[in-house]
Amino acid sequence: KAGVTQTPRYLIKTRGQQVTLSCSPISGHRSVSWYQQTPGQGLQFLFEYFSETQRNKGNFPGRFSGRQFSNSRSEMNVSTLELGDSALYLCASSLGGLVNEQFFGPGTRLTVL
Amino acid sequence: GIQVEQSPPDLILQEGANSTLRCNFSDSVNNLQWFHQNPWGQLINLFYIPSGTKQNGRLSATTVATERYSLLYISSSQTTDSGVYFCAVGEIQGAQKLVFGQGTRLTINP
């Protein structure tokens, strides 16, 4: 069974731009969650989607948004990029939600100049 | 929200040594996982262990949920075991999310 995939793997943007990251979960998994990893803050939860609905949300500004499609693929969007948004963005998929085992993708490394 | 503390923050060992990594959490959990982050950033699943004991080769883990801690044991360490190990828990109260510890950086020298 194929694992979680994320595209693109690397991205360079400038301040003020917006970016969209994509995550394809393991086949049959309906929950997708997103995390931001930075050296200073560690791994922090952004949000979780299940059956196209956002179920849970972390403490991030409204510039961070996401959605999930009917095939469970998910996208995350960051608008008006700031230097502090430079990070590794990881997505995870699971069968039913955060109580189940989470499987992570390889991540998208975003650099904001 | 729930607090997750991992210890030690850094661990340097010689190849062949054994190690114990600890994860303490401040509240009841419905999920506990151990991950190894590879040099490219991907989190590799080691154990899904909200309670009890599991073993996989040279690695084993124990979670004592009533006392709010989990231990990851690595025996006969190899240089390929080097990297950062994360513990993550799912909190029952409040927002349903996976909360990560700050990690233990393990360095195995040949």
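Observations, loosely collected:
- Shielding by partners for peptide B:39-45, expressed as the average number of C-beta atoms from other protein chains within 10 Å of each residue's C-beta, is 6.
- Coarse-grained scattering of chain B at q = 0.16, 0.20, 0.21 Å⁻¹, given as base-10 log I(q)/I(0) from a Debye sum over alpha-carbon atoms: -0.66, -1.00, -1.09
- Looking at chain B alone, DSSP beta bridges between its own residues are antiparallel in about 90 percent of cases.
- Protection proxy ranking of B:36-45, A:2-11 - average other beta-carbon atoms within 10 Å, highest first: B:36-45, A:2-11
- When the convex hull of its Cα atoms is projected in every direction, mean area for chain A (nm²): 6.4
- Residue of A:G62, A:G96, A:G40 that the Gaussian network model of chain A assigns the largest fluctuation, springs spanning Cα pairs under 10 Å: A:G40
- Remark: the range A:99-113, residue by residue, has Karplus-estimated 3J(HN,Hα) of 7, 8, 4, 9, 10, 9, x, x, x, 10, 8, 9, 10, 10, 9 Hz, where x stands for each Gly or Pro and the curve is 6.51 cos²θ - 1.76 cosθ + 1.60 at θ = phi - 60°.
- The range A:48-113: chymotrypsin sites (Phe, Trp or Tyr not before Pro) in DSSP loop, at most 13 other beta carbons within 10 Å: A:F69
- Restricting the calculation to Cα atoms, the protein assembly as shown shows an Rg/Rh of 0.97 when the hydrodynamic-style radius is the Kirkwood one.
- Backbone N under 16 Å from the B:Q93 label point (7 Å along Cα→Cβ), restricted to the range B:1-37: B:1-4, B:25-31
- Of the trypsin sites (Lys or Arg not before Pro) in the range B:5-90, those whose Cβ has at most 14 other Cβ within 10 Å and which sit in DSSP loop: B:R58
- Among A:E101, A:E75, A:E52, residue whose mean-square fluctuation peaks in a GNM of chain A (springs only between Cα atoms under 10 Å): A:E101
Bear in mind that the values in this text are calculations on the coordinates, not laboratory data. Just so it is clear, the structure is predicted and the values come from calculations on it, not from any experiment. Backbone-built Cβ (ideal geometry, glycine too); neighbour counts: all protein chains shown.
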